[in-house]
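Peer 1: Got a structure for you, written out below as structure tokens; questions coming shortly.
The values are calculated or read from the model by the stated rules, or taken from the named source; none is laboratory data. Bear in mind the structure is a predicted one, so any value in this text is a computation, not a measurement. Positions of Cβ are backbone-derived with ideal geometry, glycine not excepted, and every protein chain shown enters the neighbour counts. Note: accessible area is taken over every heavy atom of the protein model, side chains too, but ligands, DNA and RNA are not part of it. Shrake-Rupley method; radii C 1.70, N 1.55, O 1.52, S 1.80 Å.
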Amino acid sequence: MTAATALALNNKQILLGVSGGIAAYKSAEIVRRLQELGASVRVIMTDGACEFITPLTLQALSGHPVHRQLLDEQAEAGMGHIELARWADLLLIAPATADLIAELAQGSAANLLTAVALATPARIAVAPAMNQQMWAHPASQQNIDMLAARGVAVLGPEAGIQACGDVGLGRLLAPEAIADGCAALFASGALQGRRVVITAGPTREPLDPVRYISNHSSGKMGYALTTAALEAGASVTLISGPVNLTAPAGAQLVAVDSAAQMHDAALEHGAGCELFIAAAAVADYRPLLCAEQKIKKQGELITLELTKNPDIVAAVTALATPPAVTIGFAAETEQLEQHARAKLVAKRLTAIVANNVARSDIGFNSDDNEVTLYSADSATRFDKRGKSQLARDLIARFAELVETASAP
Ligand code: CTP
């Protein structure tokens, strides 16, 4: 196994749907293999699947209760089916029986698995497993063609001896091959050979040796964008304020504290890059003076004098060799479009990602986000989804902008 494959599914959230065929017993192995590649896995089983392997097995392996029923009060009170659909970066259905494939092709929402397949914004992959005659039937072939045409990835099946004694095409692909196939789905190559610089997290503005002014930015969005850009083949410099996250493997991390440090690093690395993404929540002001000694307690009132920090992304676009494409973020609590468009112009950005931080279910510390991407002549809405899925969708769009900017 190469180092790249070892990390291929790092931080990925994979929802494994297991349908009812004899190959369902191999799903245990699939969970394991996905986890070995770094993914966290949750499982949905159809009633048929439970005839072949117990939910307890997959619960123990995945570390989470297995989801089974669409109309289950308890499950809906926990992670309901829509939440589950949004949680996933990838819905992998393995094994996918002939019947399940037919249901997917028809858009049926008769059970939890098919309902989630309709509700998820994530990519879907199916690993078919059935008797070779069933696989060869024109009905199965048409159904699978229909799914492929809709962008569903089809992993296998492979040829060989079958549980029923037949020999032919219809066997579930080996768990290793299924996991590798999933990993390949995340690698797009859309930014192959491009140099990308991303700022992320908060900045800390020191008051004295023990105190600072900062904000609640978690850095999750900037780190998810870094992962997505790496998956797209870019070489990525991540300029990060202090966060509780590990830098994605393969990124060049430049760790900074203050806005002044982030400013210097951004100018150094941002010059002439193809894509600069300003995802950091930079403190707008810093204490005018940083006391050399710890400030002692004084009277009832204390006044801090603050001075403006440089606008980092505006300084980057003002460089003699600015990035080909520069993306900003606007976290707003009101008049989203108006404020975002004003920043787009003032900072000379190619586009700006705007989100409403007044909502508690998205933004800053949440795992989900819902944003609109504004450019001079367009507005594209990205509905609520997990930050890593959103990051991939945004990176795909940014890659198109890079492509346009570098066209002769
Ligand atoms: N930004 C930056 N340097 C700053 C302030 C902001 O590079 N000193 C970048 C952020 O990384 C983000 C964009 O500018 O991409 C908008 O940040 P935001 O804080 O929303 O905008 P401000 O210009 O600070 O405006 P305000 O705080 O008044 O809304």
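Peer 1: Considering only the stretch 368-407, state which residues are among the polar types (S, T, N, Q) and farther than 14 Å from TRP87 by Cα. Break it down into steps so the answer makes sense when it comes.
Peer 2: Restricting attention to the stretch 368-407, the residues satisfying the condition of being among the polar types (S, T, N, Q) are 369, 372, 375, 378, 380, 388-389, 404, 406.
Scanning the stretch 368-407 gives THR372, SER375, SER378, THR380, THR404, SER406.
Peer 1: Given the residues LEU253, LEU238, LEU289, which is the only one that is more than 25 Å from ASN355 (Cα to Cα) and modelled with pLDDT of 95 or more? Give the derivation first.
Peer 2: Numbers: LEU238 fails: more than 25 Å from ASN355 (Cα to Cα); LEU289 fails: modelled with pLDDT of 95 or more.
Exactly one residue qualifies, and that residue is LEU253.
Peer 1: A further question follows. What is the residue count in the stretch 257-294 for residues that are surrounded by fewer than 17 Cβ atoms within 10 Å (Cβ to Cβ), more than 8 Å from the ligand (Cβ to nearest atom) and assigned to a loop (DSSP other than H, G, I, E, B)?
Peer 2: Qualifying residue count for the region: 10.
Peer 1: Answer with yes or no whether GLU76 is part of a helix (DSSP H, G or I), in contact with a Ser or Thr (Cβ under 6 Å, 6 or more places away or on another chain) and either in contact (Cβ under 8 Å) with a residue 24 or more places away in the chain or of a type outside the set (S, T, N, Q) (or both).
Peer 2: Working: part of a helix (DSSP H, G or I): yes; in contact with a Ser or Thr (Cβ under 6 Å, 6 or more places away or on another chain): no; either in contact (Cβ under 8 Å) with a residue 24 or more places away in the chain or of a type outside the set (S, T, N, Q) (or both): yes.
Answer is no for this residue.
Peer 1: Looking at THR226, THR203, THR199 in this structure, which one is surrounded by 18 or more Cβ atoms within 10 Å (Cβ to Cβ), touching a Leu at 6+ places or on another chain (Cβ under 7 Å) and not assigned by TED's automatic domain parsing to the domain that holds ALA23?
Peer 2: Numbers: THR203 fails: touching a Leu at 6+ places or on another chain (Cβ under 7 Å); THR199 fails: touching a Leu at 6+ places or on another chain (Cβ under 7 Å).
Residue meeting the stated conditions: THR226.
Peer 1: Could you say whether any residue in the stretch 337-346 is surrounded by fewer than 16 Cβ atoms within 10 Å (Cβ to Cβ), among the charged types (D, E, K, R) and within 29 Å of VAL256 (Cα to Cα)? Steps first, please.
Peer 2: Step one: list which residues in the stretch 337-346 are surrounded by fewer than 16 Cβ atoms within 10 Å (Cβ to Cβ), which gives 337-338, 342, 345-346.
The next check asks that each one be among the charged types (D, E, K, R); those that pass are 337.
Next cut, within 29 Å of VAL256 (Cα to Cα) only: none.
Checking the stretch 337-346: not a single residue is surrounded by fewer than 16 Cβ atoms within 10 Å (Cβ to Cβ), among the charged types (D, E, K, R) and within 29 Å of VAL256 (Cα to Cα).
Peer 1: Regarding the stretch 385-406, can at least one residue be identified that is in a strand (DSSP E or B) and closer than 26 Å to ASN215 by Cα? Step through it out loud before you land on a result.
Peer 2: First pass over the stretch 385-406, keeping only residues in a strand (DSSP E or B): 385-386.
Okay, now just the ones that are also closer than 26 Å to ASN215 by Cα, so 385-386.
Yes: the stretch 385-406 contains one or more residues that are in a strand (DSSP E or B) and closer than 26 Å to ASN215 by Cα.
Peer 1: Okay, next question. Could you check the stretch 92-172 for helices (runs of 4 or more DSSP H) lying wholly inside it with 3 or more residues that are of a type outside the set (A, V, I, L, M)?
Peer 2: On the way: elements: 98-106, 112-119, 132-136, 138-149.
Because the criterion is at least 3 residues that are of a type outside the set (A, V, I, L, M), the helices (runs of 4 or more DSSP H) in the stretch 92-172 that meet it are 98-106, 132-136, 138-149.
Peer 1: Give the residue that is farthest from the ligand (Cβ to nearest atom), with candidates limited to residues of the stretch 301-346 that are more than 21 Å from ARG286 (Cβ to Cβ), of a type outside the set (A, V, I, L, M) and not in a helix (DSSP H, G or I).
Peer 2: Checking each candidate, the answer is THR321.
Peer 1: Pick out the one residue from ALA136, ALA117, ALA110, ALA129 that is out of contact with any helix residue (DSSP H, G or I) (no Cβ under 8 Å at 6 or more places or on another chain), open to solvent by 10 Å² or more (accessible area, probe 1.4 Å) and of a type in the set (A, V, I, L, M).
Peer 2: On the way: ALA117 fails: out of contact with any helix residue (DSSP H, G or I) (no Cβ under 8 Å at 6 or more places or on another chain); ALA110 fails: out of contact with any helix residue (DSSP H, G or I) (no Cβ under 8 Å at 6 or more places or on another chain); ALA129 fails: out of contact with any helix residue (DSSP H, G or I) (no Cβ under 8 Å at 6 or more places or on another chain).
Going through ALA136, ALA117, ALA110, ALA129 in turn, the sole match is ALA136.
Peer 1: Which residues, counting only those in the stretch 230-256, are within 16 Å of the ligand (Cβ to nearest atom), closer than 20 Å to ASN10 by Cβ and open to solvent by less than 20 Å² (accessible area, probe 1.4 Å)? Give the steps one after another, and end with the answer.
Peer 2: At the first step, the residues of the stretch 230-256 found to be within 16 Å of the ligand (Cβ to nearest atom) are 237-243, 254, 256.
When the remaining residues are screened for being closer than 20 Å to ASN10 by Cβ, the result is 237-238, 240, 243.
Hits for the stretch 230-256 are THR237, LEU238, SER240.
Peer 1: Let me confirm something: among GLY181, GLY168, which residue is over 30 Å from ALA247 (Cα atoms) and surrounded by fewer than 21 Cβ atoms within 10 Å (Cβ to Cβ)? Break it down into steps so the answer makes sense when it comes.
Peer 2: Numbers: GLY181 fails: over 30 Å from ALA247 (Cα atoms).
It is GLY168.
Peer 1: Follow-up. Going through ILE239, ILE213 one at a time, which residue ends up being assigned by TED's automatic domain parsing to the domain that holds ALA354 and farther than 25 Å from GLU274 by Cβ?
Peer 2: Numbers: ILE239 fails: farther than 25 Å from GLU274 by Cβ.
Going through ILE239, ILE213 in turn, just one is assigned by TED's automatic domain parsing to the domain that holds ALA354 and farther than 25 Å from GLU274 by Cβ: ILE213.
Peer 1: With the structure loaded, tell me whether VAL357 is closer than 23 Å to GLU274 by Cβ and either open to solvent by 70 Å² or more (accessible area, probe 1.4 Å) or β-branched (Val, Ile, Thr) (or both) or whether it fails that test. Give the derivation first.
Peer 2: Numbers: closer than 23 Å to GLU274 by Cβ: no; either open to solvent by 70 Å² or more (accessible area, probe 1.4 Å) or β-branched (Val, Ile, Thr) (or both): yes.
For VAL357, the condition - closer than 23 Å to GLU274 by Cβ and either open to solvent by 70 Å² or more (accessible area, probe 1.4 Å) or β-branched (Val, Ile, Thr) (or both) - is not met.
Peer 1: Cβ-Cβ below 8 Å, separation at least six or inter-chain, first residue in the stretch 276-303 and of a type in the set (Ser, Thr, Tyr), second outside any loop (DSSP other than H, G, I, E, B): which pairs?
Peer 2: TYR285/GLU205; TYR285/ILE213; TYR285/LEU306; TYR285/THR307; TYR285/LYS308
Peer 1: Can you list residue pairs whose Cβ atoms sit under 6 Å apart, with the first residue in the stretch 99-125 being closer than 22 Å to GLY181 by Cβ and touching a residue at least 40 places away in the same chain (Cβ under 8 Å) and the second being outside any helix (DSSP H, G or I) and open to solvent by 30 Å² or more (accessible area, probe 1.4 Å)? Count only pairs 6 or more apart in sequence or on different chains.
Peer 2: PRO121/ARG385
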